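The values are calculated or read from the model by the stated rules, or taken from the named source; none is laboratory data. What you see is a predicted model, and the numbers here were worked out from it, not measured in a lab. With ideal geometry, Cβ positions are generated from the backbone for all residues, glycine too; neighbour counts draw on all protein chains shown.
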Amino acid sequence: MSAKGWPLYEVFIRTRAGLSHRHAGSLHAADDQMALDHARDTYTRRMEGVSLWVVRSDRIIASDPAENAAFFEPAEDKIYRHPTFYEIPDGVENL
Amino acid sequence: MYTQGLDQQSSEDKKKSARDSGSSEDAAALAAFQKRVEAEEKIEAKDWMPDAYRRTLVRQISQHAHSEIIGMQPEGNWLTRAPSLKRKAILLAKVQDEAGHGLYLYSAAETLGVSREQMVADLLSGKAKYSSIFNYPTLTWADIGAIGWLVDGAAIMNQVPLCRCSYGPYARAMVRVCKEESFHQRQGFEIMLELSRGSEQQKAMAQDALDRWWWPSLMMFGPSDTDSRHSAQSMAWKIKRFSNDELRQKFVDVTVPQAQFLGLRVPDDKLRWNDATEHYEFGEIDWQEFHDVLAGNGPCNRERMAKRRRAHDEGAWVREAAEAYALKQAERQAA
């Protein structure tokens, strides 16, 4: 909320050991440590996490939704990557 | 806490909407967008969206965020005077939650391309609206109970359907908000319950709070459907799922039995159960009061704005110090 515009950070929370970090939201902070402190106060007031990541939003490299069709096209016609593609006769088990 | 201002359009918005009607936005893109919305696909920040959809969301989400921020004031008024340490700790946690809700919502609005600085500037200049409910004073401790029970109750009624809003970042913010609101409403009801089981004086205090907060709480749902300008479009875009009047009716239906449980009287002579419709009938809202408060002439509008501006100004040195510290750290690292 600064006059100059503090950088935006994305916040990721690991809710408990064994699970991966998941995006929770974002916030502005003057520096990395403040981002971590604010992330704790903003997103984990009810013990929602055991680990926090913050990363500056401008450091994230994202795919372009307008290019989705072309970008994800290579996977589209490869249904043989799914186990359901294969026909297994009745009577064959444990496969 | 809540969103009502969504029906408040600025004059700038009106001009832009007028331009849109003859705009060159690709009809095919518009149709594809509408199809996605109707298929209940979520729209994400970088997806194509009509300008008017973007503007409606910016207006609604930022007004919602401002409401959370201003909403800290009426309750903050009782932080130092809460009747016990337990109540004080609870109220402090609740007020902190409101700040958190404001932050989730500002972040969601920012994904649409509006800057935090711009939103804050619009609030401070008076250009942006916030919910009319926060322009009423909190005169007694019972008001803290009534706010939690009624104001947060109305907010939940409004916000639960927003968890399914077509815009992903807003919907996700609302999921977090709704989880937390439920504590707010229960702590308020508990305060009312204790007072209504207390001395005659305490019971009178609870009744007085209900008398003053009932109608302003019903106004939180916004103008009646016949006067609500943006409802139809917002419903078509699946930003809204229920109309203002539908939500208001639901709120009355669930809240009246709670008041009965408390042994308090809802201040409406026309209130009665209708066996045929299986809903409560209730009296007409004083729409003049609603419009006056929205126009800035409620009991506390000026006080709320003055306090927010003062807090912003008085926090300037903290922001400057944080920036100076960040700069120094960065320079040291570079050296």
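Structure values in brief
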item: Hits in segment B:35-69 - residues which are assigned to a helix (DSSP H, G or I), more than 24 Å from the chain's Cα centre (by Cα) and among the basic types (Lys, Arg); result: B:Lys35, B:Arg36
item: Test: residue in segment A:33-47 that is under 30 Å from B:Ala322 (Cβ atoms) and among the β-branched types (Val, Ile, Thr); result: yes
item: Strands (runs of 3 or more DSSP E) contained entirely in chain A, each with at least 2 residues that are among the aromatic types (Phe, Trp, Tyr) and closer than 26 Å to B:Glu117 by Cα; result: A:8-14
item: Number of the exception - B:Gln96 against (1) more than 10 Å from chain A (Cβ to nearest Cβ); (2) within 19 Å of the chain's Cα centre (by Cα); (3) surrounded by fewer than 19 Cβ atoms within 10 Å (Cβ to Cβ); result: (1)
item: Complete set of residues in segment B:117-132 that are in a helix (DSSP H, G or I) and either surrounded by fewer than 21 Cβ atoms within 10 Å (Cβ to Cβ) or at pLDDT below 95 (or both); result: B:Glu117, B:Gln118, B:Ala121, B:Asp122, B:Leu124, B:Ser125, B:Ser132
item: Filtered residue count, segment B:145-171, keeping only those that are surrounded by fewer than 18 Cβ atoms within 10 Å (Cβ to Cβ) and over 16 Å from the mean Cα position of the chain (by Cα); result: 2
item: Sole residue being at pLDDT below 95, within 14 Å of chain A (Cβ to nearest Cβ) and on the phi < 0 side of the Ramachandran plot, chosen from B:Ala295, B:Ala326; result: B:Ala326
item: When residues of segment B:298-323 are limited to those that are among the hydrophobic types (A, V, I, L, M, F, W, C) and within 14 Å of chain A (Cβ to nearest Cβ), the one farthest from A:Ala29 (Cα to Cα); result: B:Ala311
item: Tally of residues being among the basic types (Lys, Arg), within 19 Å of the chain's Cα centre (by Cα) and either within 9 Å of chain B (Cβ to nearest Cβ) or surrounded by fewer than 10 Cβ atoms within 10 Å (Cβ to Cβ) (or both) across segment A:35-71; result: 1
item: Single condition B:His291 does not satisfy, out of (1) without any contact (Cβ under 8 Å) to a residue 60 or more places away in the chain; (2) over 24 Å from B:Ala128 (Cβ atoms); (3) under 19 Å from the mean Cα position of the chain (by Cα); result: (2)
item: Residue check for B:Asp143: touching a residue at least 40 places away in the same chain (Cβ under 8 Å), acidic (Asp, Glu), out of contact with any Gly (no Cβ under 8 Å at 6 or more places or on another chain) and away from chain A (no Cβ under 11 Å); result: yes
item: Test: B:Leu112 is closer than 29 Å to B:Asp47 by Cα, within 14 Å of chain A (Cβ to nearest Cβ), crowded, with 22+ Cβ neighbours inside 10 Å and out of contact with any strand residue (DSSP E or B) (no Cβ under 7 Å at 6 or more places or on another chain); result: no
item: Tally, over segment B:70-93, of residues that are away from chain A (no Cβ under 12 Å) and part of a helix (DSSP H, G or I); result: 16
